[in-house]
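Report on the structure given below.
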Amino acid sequence: MASKLQRRRRAEHKRYKEDVAREGKPFFPYAIWHDTVMAFVTVAVIIGLACVWYFAAGDTEEGKGLEPGVLGPWYTAEADPGTTSFVPRPDWFFYFLFYLLRVFKWPDSVILGTIGLPTVFLILLIALPFYDRSPERRLMRRPVAMVAAVLVVISMGVLTWKGATAKESLPAENLELVPEWAEKQGFADNEEAVQGAEIFAQAGCMNCHVFEGAGSSNQGAPDLTDVGAGAYFAEYIANPAAFGKSMPAFPDLGEENLRLLGVFLEAAKGEK
């Protein structure tokens, strides 16, 4: 014997079929026409934006199209493969995920932020037609769906804003921290350790490592605040692969700079 819910669904399905037979329109040409018009509008908007970007950009002494227009220049300066100060940032539509990765710290919870939560939300979206079977389409009569949608929009908006305004550690700013590090760690009188700290602050080390709370912890790179392991680090930085690590090599820093880094890291034994 059919349950009350089954009988209601059958009655709703029957009314739906009757409405289609009485008022429905064939797929061709009505639905195809609507899709064609919408596709044309989308392509027209893309072409329009491309034209604005192309014709609004001006010329500079450095090259054609380098003067930013409404949507920016044609291209920017050539990339420097040897830079150690570039701070990579994603496109604006990934800012929410960019900031989400700051919330989930490596290595304890980064898998949850990068794989766990996105997968859960994707599964919920794929399963939506199967667990949301209500025929009601008026928004005010769908409180659960409305609250969920509003929370998702607000969450992504806040994360996008936070990602767009997130402050990165720049070499010049990191350099200003060296006297504070020297005071806390007790190597202010060690000139070579101070020089090594300045190299550490400017050579891009803080893109992956943290020292005294400054920098970024990426790819599982350890906090070096109290690492204190001596000249071993000069050999390690010059050729990390020899130690079975994935850290990129920095042989171009030169033997003397690597030695100074080793002196600095040897002095990094925590606050005095």
Quiz item: Taking interchain pairs and intrachain pairs at least six residues apart, which have beta carbon atoms under 9 angstrom, with the first residue in the stretch 203-215 and crowded, with 19+ Cβ neighbours inside 10 Å and the second of a type in the set (Val, Ile, Thr) and not in a loop (DSSP other than H, G, I, E, B)?
Solution: 205/199; 205/237
Quiz prompt | Sole exception among (1) in a helix (DSSP H, G or I); (2) modelled with pLDDT under 80 for residue 181, by number | solution = (2)
Quiz prompt | residue 56 vs. criteria among the small types (Gly, Ala, Ser), modelled with pLDDT of 85 or more and touching a strand residue (DSSP E or B) at 6+ places or on another chain (Cβ under 8 Å) | solution = yes
Quiz item: Quick one: residue 102 ticks every box in (1) surrounded by 10 or more Cβ atoms within 10 Å (Cβ to Cβ); (2) modelled with pLDDT under 85; (3) more than 28 Å from residue 201 (Cα to Cα); (4) among the charged types (D, E, K, R) bar one, so which box is it?
Solution: (3)
Exercise. Evaluate the following for residue 195: is it at pLDDT 85 or above, over 29 Å from residue 98 (Cα atoms) and touching a helix residue (DSSP H, G or I) at 6+ places or on another chain (Cβ under 9 Å)?
Key: yes
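The values are calculated or read from the model by the stated rules, or taken from the named source; none is laboratory data. For clarity, every value in this text was computed on a predicted model and none was experimentally measured. A quick note on method: Cβ atoms are made from the backbone with ideal geometry, for glycine too, and the neighbour counts reach across all protein chains shown.
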